[in-house]
Amino acid sequence: MHVPGPLSSKWTAYLGLLSALSAAFAPAVAVKEHDFKKCHQSGFCSRNRAFADHALASSSWQSPYNIAPESGSFRDGQYKGVILKTINDNGETVRLPITISFLESGTARVTVDEEKRQKGEIELRHGSKARKERYNEAERWVIVGGTTLDKAAKVDYEDKSQLTVKYGPSAKFEATIKFFPFSIDFKRDGSSQIKLNDQGLLNIEHWRPKVEKPAPEKKEGESDEENKTEETKEEPKAENESTWWDETFGGNTDTKPRGPESVALDISFVGYEHVYGIPSHASPLSLKQTRGGDGNYQEPYRLYNADVFEYILDSPMTLYGSIPFMQAHRKDSAVGVFWLNAAETWVDITKGKDYKNPLSLGTKSKTSTHTHWISESGLLDVFVFLGPTPKDLTAKYGELTGTTAMPQEFSLGYHQCRWNYVSDDDVKDVDRKMDKFKMPYDVIWLDIEYTDEKKYFTWDKHSFTDPIGMGKQLDSHGRKLVTIIDPHIKNVDNYPVVAELKSKDLAVKNKDGNIFEGWCWPGSSHWIDAFSPAAREWWASLFKYDAFKGTMENTWIWNDMNEPSVFNGPETTMPKDNLHAGNWEHRDVHNLNGMTFQNATYHALTSRKPGELRRPFVLTRAFFAGSQRVGAMWTGDNQAAWDHLAASIPMVLSQGIAGFPFAGADVGGFFGNPEKELLTRWYQAGAFYPFFRGHAHIDARRREPYLVGEPYTTIIAAALRLRYSLLPSWYTAFRHAHIDGTPIVKPMFYTHPSEEAGFAVDDQFFVGNTGLLAKPVTEKDKTTVDVWIPDAEVYYDYFTYYIIPTAKGKNVTLDAPMEKVPLLMRGGHVFARRDVPRRSSALMKWDDYTLVVAVGRDGRKAEGDLYVDDGDSYQYQSGQYIHRRFIFDGAAKSLSSVDAEGREPGSVAEGEWLKRMRGVGVDRIVLVGVPESWVGKKSVKVESEGNVWEAKMEVTPAAEGRAAFAVVRKVGVRIGADWRVVF
Amino acid sequence: MRRTGALALLSALAHSTLAAAESLPRGVGPEFAKFYTSKSTFTCIGNPSIILEPSQVNDDSCDCPDGSDEPGTAACAHIDPLSPEQPLPGSLTGTTNATNALPGFWCSNAGHVGSYIPFLYVNDGVCDYELCCDGSDESAHVGGVQCENRCDAIGKDHRRLEEERRQNKERSAKRRRTLVKEAREQRRRVEAKLGALKAELEGLEHKKADLQKRYEDIERSERNSMVKVKGQGGKLEILVNLAKNRISELRNALDKVLDQRDDLQDRVEQLEEILTKLKDEYNPNFNDEGVKAAVKSWEDYAAGQAGETKSDNLPDEDIMEMLKEDGETFGINWAEFESSDASDVDVVYNWEAYLPRPVNDFIREKINALRIWAMDNGILADNRSGANSESRQLTAAREALEAAKGDILSKTRSLEEQQRDLEKDYGPGDIFRALKGKCISSDVGEYEYELCWIDRTTQKSKKGHGNTNMGNFVRIDKDMADEEERADGKSLGKGERMVLRYENGQGCWNGPNRRTDVWLACAETDELWRVSESEKCVYRMEVGTPAACEDLQEPGPSVKDEL
């Protein structure tokens, strides 16, 4: 292209802009977005972004936050002091108490509050009854452990301007707290990892009284909004106060009785190019930059739980749940932060070459990631994790917020859902048809239409005449029913539930302290305030078997709409000036709301009958950090489209690394009608979601998997059976998630933290510790996939035992015809299966196991484990479980099974379940990749429990790319016993 | 004697099968017994090269690539085309994606009916009594399950039910025969009617031809007398007649318009009610642009209605007044005018009287001929059609002809209708002809559902939201039903069933037109058992009717199909 003159270049730019605009407003994209705020429509977000713009643009910018040195003291692993915020040119300051805690786990915590508000020395406007403190109860909901102070942490250096504390394991961590201005530099092994307020974006909007200014004179004809905003834009120096005192969006006005009160901080990850986490967003696993530029977002990632309905893809816009936990990753190092704040939060992300370190001149400059966290209200409360591995991060985070509850074993099976199964007959019919087509499934679900006119805890009298009969039919094959119960309670006469909610005063209140009324599915409704202990107690009473008639021991619960969704509310949720128990504003607790509701249901399900001690199953749509302790989540209302299938994988992976791995997307896509190929591919992918549920919108055609027709029906049946045969391994992965917060499906950066090329790979994953590498097909008409291979191990095709010609760090192309889900076995692993394709997981309970040994490269070692318990009770807490470690030793030619936790045989008194498990053994051992020298061997020696016997073995030599493999039959060992097989 | 002999033989047979079964491995069906008789070895059925020790049969570990060594356990259940594939040397496909040599686990179910059940049901801890009443599928007692033998009770129950069903079937078949007869009778009636119509039509054609001729004759002669024959009465009388007719026409029209208005008013009210409900109950969260736009325009419309003062509509009383028939005391007293004998029209022709007769005659003849010629050639307007200038005789002839023509037309139409009806598919043996025009209905919640045979299906709201057409009858199909038998017999059961397709019902919001599949099962009486909307706007009715019964052989000589 020739160099254009000034005019033409201007025109080119203009045209370019036009085409960019028209692309951005393609109709499919524009549908929903404007119902939700952009940063510029959110007062505190735009104020803080403007603050950042101002600070970053100025070379002389200095943060007005300084620690008063004499105020500080360090004791027992904790530094306490006061930050003085200079608020005007006269040097007036506001006192912000700061606590920096160094915890035994090696995690550091920085908490900043506001003294005047702590003491209640502020005035609220409009006679508001809201609390005066900054919200300080988030930790009561979120933090369950790991807060013991590190008494060994000690001050390493101190002077008038700074303080350095060494802490953590072997005192490898240190934090340098600078006073003027306030900032903290967290180091590991002497080098900076995470810096707080390094860019000076710390901003805590202190309380101030509203000063009524004389109304500006209106010029004729210039009274509309647009002119006003333009006027204010003309005065860039003055702070934009337009959104301090009230704010209107979409016709709803927030009265903001406390005025501006946001907290914001910049957090820099030094030398880290990738950041992950802060779900849920329909966005890549490796988070994008948010300040514009080629391929970047214009908007910050938003965390404000909302009923987004037909959400758009590749977007930082908020979704149904939020976990403000972020991990940064670079080769061989991972660090993270957890921003404990339940108010609306925005996170800006930029990446850039390091510019501040003159010492790095001449050395290769690294890319760092700078993040800017902005919350509307509450404390500034941030946890800093220094890794160094991704596993350390998930473990430490799990220590703080809790880990995935041990699930009901059935909940790992397939869930058949639809809005709606229209009658008990319909449910029973689907149940029979699944059997008829030999498709295993465990749970059938009822959406809102089962109720009597959307009154929860009731049944539609005409279509669900015999729910117990329905429940019994399901139970006859070990199956379960999940019914939906939402937090909105229909406001109607002759409905005892709403009458009690009102008379007992347990509902969320509006800003005036009266019961809040809004609209949801049933029309006019009230919302249970699950923040209130009394409300939770009452809620539990509603689930008792004799209260919620028609439910049985195999009924479980689905909590939807708990963001909460309020159809006529601002951004389809509650007004922020609503009041919850303790007079906390909804603004302060919004993102916690969904979790408190799910938590109330979880506890309700533990008290349905005296003495019944079973693990509840509760699915939620809204969630927060800590929700993993009380159930499963799904990614909300997606669409029957290929790109939604593709988007589901990074979304599920993101849930995993953010501590809430029991996650899945609606198989088939909620809205619309999936074509047969899409539905089939979705089942193949869904078989690898930790939570595996097919669901459909009420307007969608019926799509139970047996309806789709051949060849798809057979292919889907095989995908379901693949899931079921691997259930022992899935359950083992859940056990690990429960123990230490390990994700159930793991992205490449997590399993191979040294392989940089894998850091952005988010469309393939490993399942637990099985070494199974799955790469679901998510594109139409695609019959091959490229799998990125992270290491030099040997990889076998799961279905054919072919040795895949792989190279470390390279892609390998696999055939993936319709009937095949690309699945590889990484050498060096042992995993357990149950191969009899039963009708439900309950009916597999007593089946023998098949152990698969994927022999490592050069015939080396392979290892794996299996965890089993009764899948239902809490007996596992008293040792009623089997946890075996399997070790294949290529040199010793043996496979042995030992207790994975080193428990001595007989050290646990066997309860009923363990006794019955004595009858369950290992039927077969399949060894893939055995040496050629094994060919011709006919038997192996088995030793267990003092006996020695021979078992038959058949070795199939390698051929046409297929590895040699051996099958040992009728092994005859108990699964719970120590044993050894010698080949 | 023979009877007891047969019985003895039967019990001997039963005994011997029992004896054989005892020596056979568990789960082996009679037709496979021969493979399991050897005491020293077992040869995989599909892989004769693989020879196992007898102890490997039913040892709960799969050894044969065709699964035949485990007839009594689930150990080979993974050898199945539906299972995730794994290499399996020796199987037909080389993988587990193969077919088991055995059809399943054989439950002999002594005292009931023996059957195969899928291997995957074996030893899963569930007593599948429906298929395996002897409980032999749970021999391993996994998880402590004990399945007692329930074949005595289940067999007895089964036989009782079978007997009931058989009787039911017979009764229903009887009913069906009655229906067939009715249908045949109706068909005969249609055919008879058709015959009558044809004959009648023939007659009518003749009559028409006669009338045509008569009319033409009269008309020709009238043309001649036309000029001299005057209309009845004078100008005024004609005017009065015209005015009277016109007014009565207008009155009728007004009456009709009024009815239409009321009708429309009702519909508007219904629509407004629907829209109000929509506005109140729609979910703004759906963000359906269509719905939103509709609600918005409804709001605008409603606001406009409220603001608008009622335009000065003609009060209904006034209209009612106008609609009253005229009479002596009300409106126009037509009689007054009709009786007037002023005949000023006559004057026009009176000049002839002044001419000498021959001249007069000559001129009249010439003029008449000229007029007729001119009229025939379109030069002069033919005013013969003016009703009042026509003679009564001609009018009568014309009317008779037209009546005959109309008669022919309507008869032809009804002939065609009957013919179409005869050709229409009324199902096997024309059976639905007997049900045509009949409806059955069922209460489900706030709706009553109605099925009108070979006509339409309807949803009627009990809350007065009007009726919804769920589809109009299109055709009769066959489809496979797969439903559980119910104790009350009201079930489609399993097998091929007739399905009446009703399509193109009322359109759904943002969706397709409603349609209904009416599944038919044999029953003694017509009954709408169940209605369900398994997906939006697609309904399914399950209906019992003798019309769906099997055509059991009727006693006596079979009747020739009349089609």
Review point. What residue, among those in segment A:919-956 that are of a type outside the set (A, V, I, L, M, F, W, C) and within 12 Å of chain B (Cβ to nearest Cβ), is farthest from A:Asp889 (Cα to Cα)?
Key: A:Gly919
Review point. Residues of segment B:120-137 being within 14 Å of another protein chain (Cβ to nearest Cβ) and either without any contact (Cβ under 8 Å) to a residue 24 or more places away in the chain or open to solvent by 20 Å² or more (accessible area, probe 1.4 Å) (or both), which ones?
Key: B:Tyr121, B:Gly125, B:Val126, B:Cys127, B:Asp128, B:Tyr129, B:Glu130, B:Leu131
Review point. Hey, A:Gly469 hits all of (1) assigned to a loop (DSSP other than H, G, I, E, B); (2) within 14 Å of chain B (Cβ to nearest Cβ) but one; which does it fall short on?
Key: (1)
Check your understanding: Any idea which of (1) surrounded by 11 or more Cβ atoms within 10 Å (Cβ to Cβ); (2) without any contact (Cβ under 8 Å) to a residue 24 or more places away in the chain; (3) over 37 Å from the mean Cα position of the chain (by Cα) is the one A:Glu912 doesn't satisfy?
Key -> (3)
Exercise for review: Taking the options B:Arg486, B:Arg475, name whichever one is in contact with an Asp or Glu (Cβ under 9 Å, 6 or more places away or on another chain) and of a type in the set (Lys, Arg).
Suggested key: B:Arg475
Practice item. Restrict the check to segment A:333-348 and report whether at least one residue is part of a strand (DSSP E or B), touching a helix residue (DSSP H, G or I) at 6+ places or on another chain (Cβ under 8 Å) and either more than 25 Å from A:Ala138 (Cα to Cα) or not assigned by TED's automatic domain parsing to the domain that holds A:Pro97 (or both). Key: yes
Review point. Which condition does A:Tyr802 not pass, out of (1) open to solvent by 40 Å² or more (accessible area, probe 1.4 Å); (2) farther than 17 Å from A:Gly827 by Cβ, if it passes all the others?
Key: (2)
**Study point:** In segment A:533-549, the residues that are open to solvent by less than 20 Å² (accessible area, probe 1.4 Å) and part of a loop (DSSP other than H, G, I, E, B)
**Key:** A:Phe543, A:Phe548
**Study point:** Subset of segment A:293-311 [modelled with pLDDT of 95 or more and open to solvent by 10 Å² or more (accessible area, probe 1.4 Å)]
**Key:** A:Asn296, A:Tyr297, A:Gln298, A:Glu299
Check your understanding: Scanning for something in contact with a strand residue (DSSP E or B) (Cβ under 6 Å, 6 or more places away or on another chain) and either more than 14 Å from every other protein chain (Cβ to nearest Cβ) or at pLDDT below 90 (or both), does segment B:4-27 turn up at least one residue?
Key -> yes
**Study point:** Of all residues in segment B:80-101 being among the aliphatic types (A, V, I, L, M) and either in contact with a Lys or Arg (Cβ under 6 Å, 6 or more places away or on another chain) or closer than 17 Å to A:Val968 by Cα (or both), the one that is farthest from the other protein chains (Cβ to nearest Cβ)
**Key:** B:Leu88
Exercise for review: Working carefully through the options B:Ala77, B:Ala33, B:Ala98, find the one that is touching a helix residue (DSSP H, G or I) at 6+ places or on another chain (Cβ under 7 Å) and either on the phi > 0 side of the Ramachandran plot or in a loop (DSSP other than H, G, I, E, B) (or both).
Suggested key: B:Ala77
Study note, to complete from the structure: Expected single match for open to solvent by 10 Å² or more (accessible area, probe 1.4 Å), at the interface with another protein chain (Cβ under 9 Å from one of its Cβ atoms) and at pLDDT 95 or above among A:Lys438, A:Lys455, A:Lys391, A:Lys461 is A:Lys438
Check your understanding: If you go through segment B:49-72 one residue at a time, how many are over 11 Å from B:Leu102 (Cα atoms) and either within 9 Å of chain A (Cβ to nearest Cβ) or open to solvent by less than 10 Å² (accessible area, probe 1.4 Å) (or both)?
Key -> 8
**Study point:** All positions within segment B:477-500 that are surrounded by 12 or more Cβ atoms within 10 Å (Cβ to Cβ) and aliphatic (A, V, I, L, M)
**Key:** B:Ala481, B:Leu492, B:Met498, B:Val499, B:Leu500
Point to revise | Selected residue (criterion: surrounded by the fewest Cβ atoms within 10 Å (Cβ to Cβ)) from residues of segment A:565-580 that are in a loop (DSSP other than H, G, I, E, B) and touching a Phe, Trp or Tyr at 6+ places or on another chain (Cβ under 6 Å) | key: A:Asn568
Review point. In segment B:436-451, is there at least one residue being part of a helix (DSSP H, G or I) and of a type in the set (Asp, Glu)?
Key: no
Exercise for review: Mind listing whichever residues of segment A:829-875 are open to solvent by 20 Å² or more (accessible area, probe 1.4 Å), under 18 Å from A:Thr732 (Cβ atoms) and away from chain B (no Cβ under 14 Å)?
Suggested key: A:His829, A:Glu863, A:Gln875
Check your understanding: Would a scan of segment B:291-306 turn up a residue that is modelled with pLDDT under 65 and either farther than 30 Å from B:Arg251 by Cα or among the charged types (D, E, K, R) (or both)?
Key -> yes
Practice item. Return yes when A:Ile87 is under 30 Å from A:Asp254 (Cβ atoms), more than 30 Å from the chain's Cα centre (by Cα), hydrophobic (A, V, I, L, M, F, W, C) and modelled with pLDDT under 95 and no when it is not. Key: yes
Practice item. Look at segment B:138-160 and say how many of its residues are without any contact (Cβ under 8 Å) to a residue 40 or more places away in the chain, part of a helix (DSSP H, G or I) and open to solvent by less than 60 Å² (accessible area, probe 1.4 Å). Key: 4
Exercise for review: Only residues that are of a type outside the set (Gly, Ala, Ser) and open to solvent by 30 Å² or more (accessible area, probe 1.4 Å): list them for segment B:83-101, please.
Suggested key: B:Glu85, B:Pro89, B:Leu92, B:Thr93, B:Asn97, B:Thr99
Review point. Only one residue in A:Asp185, A:Asp150 is open to solvent by 10 Å² or more (accessible area, probe 1.4 Å), without any contact (Cβ under 8 Å) to a residue 40 or more places away in the chain and not polar (S, T, N, Q), so which one is that?
Key: A:Asp185
**Study point:** Condition met for A:Arg258 (crowded, with 20+ Cβ neighbours inside 10 Å and of a type outside the set (S, T, N, Q))
**Key:** yes
Check your understanding: Which one is nearest to the other protein chains (Cβ to nearest Cβ) among residues in segment A:474-489 that are crowded, with 18+ Cβ neighbours inside 10 Å and either hydrophobic (A, V, I, L, M, F, W, C) or in a helix (DSSP H, G or I) (or both)?
Key -> A:Leu474
Review point. What are the pairs, 6+ residues apart or on separate chains, where a residue within segment B:463-490 that is part of a loop (DSSP other than H, G, I, E, B) has its Cβ under 6 Å from a residue that is charged (D, E, K, R)?
Key: B:Lys463/B:Glu446
Study note, to complete from the structure: Only one of B:Val474, B:Val444 is more than 26 Å from B:Ala196 (Cα to Cα), of a type in the set (A, V, I, L, M) and surrounded by 16 or more Cβ atoms within 10 Å (Cβ to Cβ), namely B:Val444
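The values are calculated or read from the model by the stated rules, or taken from the named source; none is laboratory data. The shown structure was predicted, so the numbers you read here are calculated from the model rather than taken from an experiment. Ideal geometry is used to build each Cβ from the backbone, glycine not excepted, and the neighbour counts take in all protein chains shown. Just so you know, the surface numbers come from the protein's heavy atoms only, side chains and all, with ligands and any DNA or RNA stripped out. Shrake-Rupley method; radii C 1.70, N 1.55, O 1.52, S 1.80 Å.
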